[in-house]
Structures are given as structure tokens and as C-alpha cells.
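For reference, the structure discussed in these notes is given below.
The values are calculated or read from the model by the stated rules, or taken from the named source; none is laboratory data. If you're wondering where the values come from, they're calculated on a predicted model, not measured in any experiment. In this analysis, Cβ positions are derived from the backbone assuming ideal geometry, glycine residues included, and neighbour counts consider all displayed protein chains.
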């Protein structure tokens, strides 16, 4: 039995319907119905109704596809907000499970979930993991050929795809806008949402245009996700994405199991060796440049430590091999640039060491947070010396080449790819910075920073090297293919071998191995490649050769270098903001006055955390033999006294009349040792300037 309601009426909010497993829906031309059997469920999205066809609660979806019995903190609140059709901002620390927050509702909604992310390696990894779970997903990003993009979008249009991953610069291309009306999109998920804010540490201009898609999808909720955002960035994200009302959820960034440690150390290698011998288990060591990854790894190996190195300059095959060896435990330590770690789900990392000063608290917090995701004790150690601070300022200057040099490198880029002014839009090229720099007699670091600035201005997109295996799709119908085989007998063995070896090759691009085909046909891989290219030219099949090099894509037509406008205001403001972030990083390592965890969390605007008790600052204080209660009481009494004028120890002991003399002396000694108070001539103490 079911009841018909008039249009505009509804029986339950979707959250209640899900909790009660009580379905309701819409009968075309009649209104809404609901019934007592568990069949289908609807979600109310800002007065638009979307069928939710899984018939499962969010907990059941989590258990079915991920095998988890319960959600992590805040995940369920975020998901329920999305299910109620609300624009939602989710702040979850590294390893906090952001993807589940859009994948669970995406599986319940009937329509397609559009996922915008700039991280191609992470995008490919998530698509692969979804497919392994039996969930349909596609990805479209810069660096794919036009044919690859067309095939993927056709698959989305004509298949039952649940998740479409797009890089931000592909979102507002004419081709995507053309097919948008035919797509039933029920949720827009935006990962790395801090990239939308010019006040964030990784601002990307294409993110500013994401909000434009909302005019084509009225009522569809947006879920923005990020791991690192200050209060300013949190506000900016919601404004830039056109949130209908402010609505954010955040999990505390506090990591009770993670001990943050800073050592000022000139002999870093000796200290590093002691640390890795003292802390057992898997580890990541971050350094600034590629050369040092190899040098540090070799140093560790010479000292009988099982280590390897990793950086973006390695071939995709090498990177995958090294990454797998570390993830599986065959290699204990990986020494890497910051190219390593994004999206890698390894919960048992016991140690993360930074041998160079990160450029910002945001970057450091994200990288250090890759330790101890299993909530077992882990360490994040940062080693620095005075020279590192000087190097950091120097690197900041290098990151902002003068505008004339940026224009010169932009012009060289057009010459390098032999592009005429007005051409190049959406064209992708293999691109090695070292080769380009050598040809134009430029320093690679200068080229890199100039290109990053050109990218931030929205003219190009640079993608890391991602290994994309070769694929083929048969275009000809079976009877046409048979005629081609009869008329071109030399290709008959290859086509028959392809048909026998790979299924589904008439319906979607299928991964192939040229080497395996060559082995079966007793020929060389080079001959197979030549044959496939010929068949591609004849349009018998579509051949997409393997890609494993970095890609550079022109996101707009090439313009004259003289017309490349670099706003002086934006240039100066971004440099000023980068300087502010670096100053915060330097202050973090230079001071031993405050709990490391509280300092980091406070940077992101969470000021209600307690002293962690396990960082180097807290351990030093703990050695004074004081509880946090006693220590805070003593400081509350003596700080105002010492700020107004100097006081002898006797006066401080007398002021703390209800606390033992021994505890007061210990507290004052600790404060003096950590430069919070100064001892003047005659044994007079005063509070140090802050």
C-alpha cells in the first residue's frame, strides 16, 4: 500500500527516510508516494528530488564497499549534510578519510557525482580503487589526448558511470559544457578546495572558475574538501564557491599519538642516523632537491639501513616500483622530495623526518601528518640549522622571478613547441624541464618557478609524470573488421590475437601490452607499435600509446610574450603572503616556548587544544616535574608580575603562597632555560619580550 501526496508535499526529510529505511518517491504527474517496503529512497536537494537507488543506509554502503563498521569522527555529519542537499565544507586532516565523504552519498544518489581535483596521480588511484570495488568511474584531465577525452566522455554519456573525476581546467571546456545537459549530476565534490583561495598556500586559477558550473546545475549541492585551511581560507572557499549558506564541519587537527620534535642541529646526518635507529618501523625522509634524495638514501644504506630514494624525475615505472617496495615493507625508509606521499594510504608510518625547512606550516603539517595514521605512537621530526633559514629566504626570492624573465621563458615555451601566436589551446605535450632549460641555457630552478607563476596566471597546466598504459578500442563493426582482415591479410594474425586476448575491446578502451602481443606473434614490440599506428590511421581501431612523461598543457591560446600581463598588485600580494607563511614556519622552529601541537593547530584557528605532553617542548617541561595544572597556575601568577617589573626569586615564591617553593623554583628554572624569562644582574627575573 502506498500513499500519493500532491506536488510540493513530502513525507520525510531524506535523513529520516534513510534512518528508518523508509522509501518514498515521485510519480510523474502525480506527486510523491511512499510505501512500507524497502525499495527506493529519495534525497531532497534544495527542492529538487533525486532517486537514491541503492536501497542501503549510509552505514550499509560503508560496510558493503569499504568493510568498515562505523565512520571516523565527523564523516557521518558531513555525509548527512550532503544528503540533506546542503553546500558543505569538510576540513579533515591528512588521513581523515575525505574521499568517503563524497563516495558514500555518490553511491546512494541515482545520478553522477562530479569530482574536481588537481592531483592526477590521486585521481587515477581513486578511479582504479573504485573499479576494484565494482563501482564505475572515469577520469578526464589535462595531458590526455583529444581522442582519449572523447572516449571517456562518451562512456560517461552512454554508460552508467557513478563518478566522473575532472581536473579543474577541464571543467569549463566547451566539450564538457556541450554534454553537461545530458548528464544527471546529483553532487559536485571539490577536493583540495584550499586551491580556490588566493590566500591559500597552493592557489590555482582554474579553481576560481569552478563556481561557474553551478549556473548549469541549480540546486545541486557542493561538497568542498581540504586538509589544511586557515580561518581566512575557510571563509574564502565558501564565498568563492557560492555557498547558499555557510556550512562547515571540521575534525580537530589534533593528533594525540603524533609527537612533533624540532632539533637545531648542524650535524644532521649523525642525528638522522640516531633517530632512525631509535624509532623502528616505516619512515619517510623529506629533502628539498632530487640530488639529496639519492645522497641521503646512499648514506643510510652504507650504515645498514634499508632505504631507497624517490623523486618526480624518475620514470613512472621506477617510481611505481619504489613506492610499492616501501608500501609493502620491503623497503623500510623512502627518502623523497615533496612529490611523494600524496594520496598514499599507508597507516603504519612511524616516522617522518624533514631535513630541510618546509616553505609553510600548511605544507609541513600535511607532510608530517603522514605519520601515525593508525593512531599508534609516531614521530614528526624537523632538523634545521641557521643556514636553512637563509636558504629558505633565498628560495622564496627564486620563487618569484622578475616579470621580464617570466615573459622570456613563456616566449621560449612557444618556440620550443613551435606554436604560432593564437594556437595551442588545450594542446598537451611531453615536457622535461631539464631538456628545455638546457636548450635555452637557463637554470632549471628558474624555469620551474617561472612556469609555476605562468601556471598560477592560468596560461598553462603542468602535470607530474603519470604512467598511463597503452590502450586500444576497435572502431570497426565485426563484419567491417572481417572484410578488412580479408583484404589486408598481413594484419589478420594481429587482429585475431587482439580479439582472443582482450575482452570488451569493441565497447571501451582496453589496456594492452605491446610486448605481450609481440611475444605471441614472434615479432618485436616495435613492429607491433608500427602496425597499431597504421591501424589507427586507417581508423580500424583507436590506439592510445603509453605515456610516462610529465605533461604541459596550454590552457589558453599562445599570446605574444609582451602581452603576458602579470599584475604588479597580484605579484606583490602573493609574494607578501608567501613571506608571511615562511615567517610562521621559521617562528615554529625557532621557538621552544609553546607546545608544538598547539602551535600548529592554532595556526589553523583551532585554539582550544591542550598541551600534547609528547613534543620536545612538552617533554622538556615535563622534566621539571610539574603537572600542567601546577605549571599553568604558577605562570598565571608570576607572568603579570614579571611583565610589570623585575622580581627576585623570593618575591615569586611569596606570590605563589599556596604552591610549594620547590615547584615554583622548578617552573622558574624551566622558563629561564626556554627563554621565556630573563635573569638580570642581582638575581632579578623579568618576562622576556614576546
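Tally the residues that are surrounded by fewer than 19 Cβ atoms within 10 Å (Cβ to Cβ) and at pLDDT 85 or above, restricting the search to region 614-627.
Going through region 614-627, the residues surrounded by fewer than 19 Cβ atoms within 10 Å (Cβ to Cβ) turn out to be 616, 619-620, 622-625, 627.
Next cut, at pLDDT 85 or above only: 616.
Number of matching residues: 1.
Can you find a residue in region 628-638 that is surrounded by 13 or more Cβ atoms within 10 Å (Cβ to Cβ), within 30 Å of residue 581 (Cβ to Cβ) and touching a strand residue (DSSP E or B) at 6+ places or on another chain (Cβ under 9 Å)? Looking for residues that are surrounded by 13 or more Cβ atoms within 10 Å (Cβ to Cβ), within 30 Å of residue 581 (Cβ to Cβ) and touching a strand residue (DSSP E or B) at 6+ places or on another chain (Cβ under 9 Å), one finds none in region 628-638, hence no.
Among residues belonging to region 427-458 that are in contact with a strand residue (DSSP E or B) (Cβ under 7 Å, 6 or more places away or on another chain) and in a loop (DSSP other than H, G, I, E, B), point out the one that is surrounded by the fewest Cβ atoms within 10 Å (Cβ to Cβ).
To start, the set of residues in region 427-458 that are in contact with a strand residue (DSSP E or B) (Cβ under 7 Å, 6 or more places away or on another chain) comprises 427-431, 451, 454-455.
Those left that are additionally in a loop (DSSP other than H, G, I, E, B): 427, 431.
Details: 427: 17, 431: 21.
The residue in question is 427.
Of all the strands (runs of 3 or more DSSP E) wholly in region 292-356, which have at least 3 residues that are over 28 Å from residue 433 (Cα atoms), touching a residue at least 60 places away in the same chain (Cβ under 8 Å) and outside the structural domain of residue 225 (by TED's automatic domain parsing)? Write out each step before concluding.
Numbers: elements: 307-310, 333-336, 349-354.
By residue number, 349-354.
Just so you know, in region 201-226 the residues that are part of a loop (DSSP other than H, G, I, E, B) and at pLDDT 85 or above include one that is surrounded by the fewest Cβ atoms within 10 Å (Cβ to Cβ), and it is 218.
Within region 137-148, track down each residue that is in a loop (DSSP other than H, G, I, E, B) and within 22 Å of the chain's Cα centre (by Cα).
Those that are in a loop (DSSP other than H, G, I, E, B) and within 22 Å of the chain's Cα centre (by Cα): 141, 143.
Restricting the search to region 106-123, which residues are part of a helix (DSSP H, G or I) and out of contact with any strand residue (DSSP E or B) (no Cβ under 6 Å at 6 or more places or on another chain)? Result: 107, 121, 122. Kindly list, by first and then second residue, each pair from a residue in region 506-523 that is within 27 Å of residue 156 (Cα to Cα) to a residue that is assigned to a helix (DSSP H, G or I), limited to pairs with Cβ atoms under 7 Å and residues at least 6 apart or on different chains. Hits for this filter: 508/155; 509/151. If I go through region 58-93 residue by residue, how many of them are in a helix (DSSP H, G or I), under 21 Å from residue 242 (Cα atoms) and touching a helix residue (DSSP H, G or I) at 6+ places or on another chain (Cβ under 7 Å)? Final tally of qualifying residues: 5. Within the set 514, 508, the sole residue that is at pLDDT 85 or above and not assigned by TED's automatic domain parsing to the domain that holds residue 170 turns out to be 514.
Would you please name the residue that is surrounded by the fewest Cβ atoms within 10 Å (Cβ to Cβ), looking only at residues in region 186-195 that are touching a strand residue (DSSP E or B) at 6+ places or on another chain (Cβ under 8 Å) and in a helix (DSSP H, G or I)? Spell out how you get there, then give the answer.
The initial filter retains those residues of region 186-195 that are touching a strand residue (DSSP E or B) at 6+ places or on another chain (Cβ under 8 Å), namely 186-194.
Those still in the list that are in a helix (DSSP H, G or I) too: 193-194.
Working: 193: 31, 194: 25.
For region 186-195, the residue satisfying everything is 194.
Of the residues making up region 270-300, those that are surrounded by fewer than 15 Cβ atoms within 10 Å (Cβ to Cβ) and more than 28 Å from the chain's Cα centre (by Cα) are 270, 274, 277, 278, 298. Taken over region 172-185, the criterion of being outside any helix (DSSP H, G or I) and in contact with a helix residue (DSSP H, G or I) (Cβ under 6 Å, 6 or more places away or on another chain) is satisfied by 172 alone.
For residue 377, the criteria (1) touching a residue at least 60 places away in the same chain (Cβ under 8 Å); (2) closer than 30 Å to residue 276 by Cβ; (3) out of contact with any helix residue (DSSP H, G or I) (no Cβ under 7 Å at 6 or more places or on another chain); (4) buried (at least 16 other Cβ atoms within 10 Å of the Cβ) hold in every case but one, which is (4).
Scanning region 567-613 for residues that are assigned by TED's automatic domain parsing to the domain that holds residue 454 and not in a helix (DSSP H, G or I) yields a count of 1.
Would you confirm whether any residue within region 418-425 is in contact (Cβ under 8 Å) with a residue 24 or more places away in the chain, under 30 Å from residue 176 (Cβ atoms) and in a strand (DSSP E or B)? Break it down into steps so the answer makes sense when it comes.
Taking region 418-425 first, the residues in contact (Cβ under 8 Å) with a residue 24 or more places away in the chain are 419-425.
From what's left, under 30 Å from residue 176 (Cβ atoms): 419-425.
Next cut, in a strand (DSSP E or B) only: none.
Checked against the condition, which is being in contact (Cβ under 8 Å) with a residue 24 or more places away in the chain, under 30 Å from residue 176 (Cβ atoms) and in a strand (DSSP E or B), region 418-425 yields no hits at all.
From the list 514, 508, the lone residue that is in contact with a helix residue (DSSP H, G or I) (Cβ under 8 Å, 6 or more places away or on another chain) and crowded, with 17+ Cβ neighbours inside 10 Å is 514. Sub-6 Å Cβ pairs linking a first residue in region 77-104 that is on the phi > 0 side of the Ramachandran plot to a second residue that is at pLDDT below 95 and not in a loop (DSSP other than H, G, I, E, B), at least 6 apart or interchain, are 85/44; 85/45; 97/75, ordered by first then second residue.
Of all residues in region 67-88, none satisfies being modelled with pLDDT of 90 or more and within 17 Å of the chain's Cα centre (by Cα).
Regarding residue 198, is this residue assigned to a helix (DSSP H, G or I) and either in contact with a helix residue (DSSP H, G or I) (Cβ under 6 Å, 6 or more places away or on another chain) or in the same structural domain as residue 84 (by TED's automatic domain parsing) (or both)?
Values: assigned to a helix (DSSP H, G or I): no; either in contact with a helix residue (DSSP H, G or I) (Cβ under 6 Å, 6 or more places away or on another chain) or in the same structural domain as residue 84 (by TED's automatic domain parsing) (or both): yes.
Here the answer is no, as residue 198 does not meet what is asked.
With respect to the conditions (1) in contact (Cβ under 8 Å) with a residue 24 or more places away in the chain; (2) over 23 Å from residue 312 (Cβ atoms); (3) not assigned by TED's automatic domain parsing to the domain that holds residue 540, residue 404 lacks only one, and its number is (1).
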